[in-house]
Amino acid sequence: MRRIKPIYILTAALLFFSSLNAGLAEAAAKARVLEYDVVVAGGGIGGVAAAIQAARLGVSVLVAEPSGWIGGQATAAGVSTMDDMSRQRSGVYLEFVSRLKNYYDLRGKSMGTCYWDSRSVAFEPSIGQQVLYEMLDDAKKTGKKPLDVSLGSFVSKVERDKNRVTGVTVTDGGGKSRDVKCRVLIDATEYGDVLPLAGAGYRAGNSATPFIKPDAMIQDITWTAVIRRYPGGVPQHLRAIAPLPGYEEARRNYESYVASGGYPFRGNYPVPLPVDFVSHNAYRGLPNSSTPWNYDGRPENWKYISKTVVNWGNDYPGRGGWENGRTGLPVEYLENKALRARVEKEAFIKTLHFIYYIQNELGEDWSVTDDEYDAAELPEAAQGLPLEWQDIAKRMPPIPYVRESRRVLSEYTLTSEELLRNSLSYRDGQTRHEFEDAIAIGGYILDLHGADKDSDLEWDMGERAVSSAHNRPRGPFQVPLRILIPKDTDGLIAAEKNLSMTRLSAGAIRLQPICMMVGQAAGALAALAARSELAPRDVPPVKVQRALLDAGVVLSLCKYSDVPPEHPFFNAVQLFNLYGVMEPLSPPHAPSYNISDLDDPVLAMAVIRGADKGVFGVDEFITQEDMVAVLTKAKAVAGIKKGETPTLTDKPDRFITRGVFARALVSAFGLKAASTPARRPFSVPDGHPSEAAVKILDSKEILNLYKNSGDFHPGRPVTRGEVAEMLMRAMTAD
């Protein structure tokens with residue numbers, strides 16, 4: 001597979017979407033108003049995942065992305081070193097990483113080039129964007145309705161009927177607008193810009209609507225750069241010849257991070273500063289498709305790394321803070337577009353100072369790479385730069401890395417204390433603390449870049465500066481569906497970093513992998529809401545979870561030795577774990593560990609002993625007592641009030657047959673035969689007590705687990721795994 005130069009990819013994409021926009025405009029002129037089932041505001045890593053999942057579920061989707069790139073923080077902002085400390089990869093994120101790995105494997109290159117560790121995941125932003133386009137294209141081909149991406153456009157207005165979103169106005173860079181009707185709107189913007197437009201309540205910093213405090217503080221932003229070594233010397237047009245105003249202050253800052261006589265990284269944390277330039281490059285090292293050479297993140301290879309990301313000492317405002325000793329940025333950055341533009345220009349220039357520093361102070365033949373970003377025009381943040389800096393500026397990422405946004409107000413707010421408790425599920429002798437409505441799994445520390453003092457945090461949520469250490473997750477954690485749903489607005493779903501969570505929780509959930517998986521969940525919820533014509537809050541969480549499980553998403557924190565991921569009942573057992581429908585024979589009891597240290601010897605020994613896995617008892621038979629208990633719990637989870645659950649007889653410990661369970665399931669759930677007859681009905685002897693129940697269940701595809709065996713065999717004992725699978729299908733049936 002020949003590598004396509006990013007400039008050609010971008011040009012082709014721009015031409016395609018330019019014609020798309022022209023087509024949209026023509027359609028709008030004819031039909032006055034465009035209609036989509038789902039509109040996704042923001043084509044970042046979460047927005048793209050939402051669009052892919054929604055399209056795969058058969059609804060029409062429009063993505064409005066303000067920049068000329070898709071992929072947000074992972075591509076457009078240049079943070080293409082994946083922050084997945086616990087390596088929780090499933091769903092579209094696993095697909096994304098797998099496609100990237102295939103690309104680099106074909107070229108004999110490693111993706112394990114960052115964080116001083118060969119087990120890491122890194123990729124070039126342009127290749128990440130290329131893969132996302134491929135995934136969008138595949139989703140468009142498999143779906144039956146349009147999946148359109150409109151670059152250079154944003155949601156400028158939200159239409160409501162009472163408290164329900166009914167449509168949006170999409171405006172392009174030239175100020176031209178068009179109205180779009182939709183059933184569901186997803187805010188996947190980098191700043192949470194759609195929340196106020198939709199009239200939804202939200203938090204910003206440690207304040208909340210209607211009393212937003214413009215001087216409350218949020219985290220630093222970073223305008224990254226992707227730089228590379230030029231063995232023959234930096235080309236003249238990419239040389240930083242003259243320093244920009246403010247360089248002296250920036251130089252002193254950078255000298256404290258990276259210096260010619262700096263320390264080589266030795267695996268010690270916190271990292272002794274300043275580091276040498278080789279160690280700096282190994283921190284965010286990227287593969288380099290422009291060279292035939294390969295390297296990875298092992299120490300002996302650091303000196304060979306020839307492409308990296310500048311994302312360390314260039315946080316803005318960084319150590320110096322904003323004003324009066326306060327670190328981070330004011331909430332006004334989110335609320336005031338003029339201040340936002342000023343801040344981002346200063347962040348842009350701060351990174352340009354580093355380009356000058358490495359060339360003129362460190363004497364290194366490195367500059368911005370010429371094979372990633374190459375804008376036809378100067379970005380807004382670079383307007384007014386001296387002529388000699390403009391070629392460098394055009395090769396900077398098109399957007400900044402924004403760590404903190406507005407966060408929707410929901411009926412429930414996820415706190416760091418609850419995140420910790422959730423991460424302790426099945427650890428240190430504890431059992432289940434899983435979120436029943438879990439829709440994604442992540443793993444990261446509570447990481448705030450600035451604005452981390454007591455005065456910056458949410459005291460009303462029980463959080464202080466010490467909470468960052470005290471409430472640090474001890475393992476992977478889940479994201480619950482309820483934090484995507486606004487408290488007071490229907491037809492709106494939050495994604496990306498815009499969820500109902502505290503600032504500290506957001507510090508662990510803002511990273512690329514979890515944003516992508518949460519985006520996938522948002523897309524599933526939006527599609528199901530649109531298809532059923534329900535408000536997102538009225539879609540049963542179990543149906544969203546079933547869609548995600550079918551899409552290969554792992555939702556439960558519990559692992560069983562007898563139900564590995566390839567087991568046919570793996571998804572059903574996960575669902576049972578979340579809701580506690582059936583208790584395992586033996587739960588796992590792994591030790592807690594430092595989530596940033598996967599080499600923890602205590603954890604490693606527990607894995608060797610198998611203590612990280614329990615036993616579900618998937619092939620064990622169930623008794624009548626078990627059957628009554630699981631049917632009662634399953635009905636409650638599915639919200640089913642009709643039907644009649646069987647009562648215990650005088651032999652509660654008697655094993656139950658498949659036929660008996662089939663009759664009990666039909667009765668308990670009040671099931672009726674589907675209008676469409678079964679394609680391949682199971683045979684049951686005429687007059688058998690289970691004949692009618694089997695036909696009903698078969699018509700609803702609840703018995704599909706038996707299709708490989710060829711028949712139902714109603715007289716055989718039913719196993720725990722079979723019960724889990726049948727109940728999952730019954731709980732999520734239309």
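The values are calculated or read from the model by the stated rules, or taken from the named source; none is laboratory data. Just so we're clear, the structure is a prediction, and the values are computed from it rather than from any experiment. We place every Cβ from the backbone using ideal geometry, glycine too, and count neighbours over all the protein chains shown.
Write out, first by first residue and then by second, each pair whose Cβ atoms fall under 8 Å of each other, whose residues are 6+ apart or on separate chains, and whose first residue, in segment 349-368, is within 16 Å of Leu385 (Cβ to Cβ) while the second is assigned to a helix (DSSP H, G or I) and β-branched (Val, Ile, Thr). Pairs found: Leu352/Ile392; Ile355/Ile392; Ser367/Ile355; Ser367/Ile392; Val368/Ile355; Val368/Ile392. If you filter segment 248-280 down to residues that are loosely packed, with under 12 Cβ neighbours inside 10 Å and of a type in the set (Lys, Arg), you find that the one that is modelled with the lowest pLDDT is Arg266.
Yes or no, residue by residue, for (1) of a type in the set (Lys, Arg); (2) touching a residue at least 40 places away in the same chain (Cβ under 8 Å); (3) within 13 Å of Tyr426 (Cβ to Cβ):
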residue	(1), (2), (3)
Val563	no, yes, no
Glu566	no, no, no
Phe569	no, yes, no
Val573	no, yes, no
Phe576	no, yes, no
Val581	no, yes, no
Ala590	no, yes, yes
Asp599	no, no, no
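Among all residues of segment 148-163, there is at least one that is at negative phi, part of a loop (DSSP other than H, G, I, E, B) and surrounded by fewer than 17 Cβ atoms within 10 Å (Cβ to Cβ).
Counting the residues of segment 100-115 that are of a type in the set (Gly, Ala, Ser) and under 10 Å from Leu286 (Cα atoms) gives 2. With respect to the conditions (1) in contact (Cβ under 8 Å) with a residue 60 or more places away in the chain; (2) outside any strand (DSSP E or B); (3) of a type outside the set (A, V, I, L, M, F, W, C), Ser260 lacks only one, and its number is (2).
In segment 174-232, the residue that is farthest from Lys303 (Cα to Cα) out of those that are crowded, with 24+ Cβ neighbours inside 10 Å and either at pLDDT below 95 or of a type in the set (Asp, Glu) (or both) is Asp187.
Residues in segment 371-384 that are assigned to a loop (DSSP other than H, G, I, E, B), surrounded by fewer than 19 Cβ atoms within 10 Å (Cβ to Cβ) and of a type outside the set (Gly, Ala, Ser): Asp371, Asp374, Glu377, Leu378, Gln383. Residues that are of a type outside the set (Val, Ile, Thr) and at pLDDT 95 or above were ranked within segment 164-173; the one that is surrounded by the fewest Cβ atoms within 10 Å (Cβ to Cβ) is Arg164. Residues being buried (at least 20 other Cβ atoms within 10 Å of the Cβ) and either of a type in the set (Gly, Ala, Ser) or within 22 Å of Ala634 (Cα to Cα) (or both): count how many of those fall in segment 680-694. Residues in segment 680-694 being buried (at least 20 other Cβ atoms within 10 Å of the Cβ) and either of a type in the set (Gly, Ala, Ser) or within 22 Å of Ala634 (Cα to Cα) (or both): 3 in total. The set of residues in segment 628-640 being hydrophobic (A, V, I, L, M, F, W, C) and under 14 Å from Phe576 (Cβ atoms) consists of Ala629, Val630, Leu631, Ala634, Ala636, Val637, Ala638. Considering the conditions (1) small (Gly, Ala, Ser); (2) more than 24 Å from His449 (Cβ to Cβ); (3) in contact with a strand residue (DSSP E or B) (Cβ under 7 Å, 6 or more places away or on another chain); (4) not in a strand (DSSP E or B), Ser367 is excluded by exactly one of them, (4).
Within segment 605-627, is even one residue within 30 Å of Leu409 (Cα to Cα), surrounded by 19 or more Cβ atoms within 10 Å (Cβ to Cβ), among the polar types (S, T, N, Q) and over 19 Å from the mean Cα position of the chain (by Cα)?
No, there is no match, as no residue in segment 605-627 is within 30 Å of Leu409 (Cα to Cα), surrounded by 19 or more Cβ atoms within 10 Å (Cβ to Cβ), among the polar types (S, T, N, Q) and over 19 Å from the mean Cα position of the chain (by Cα).
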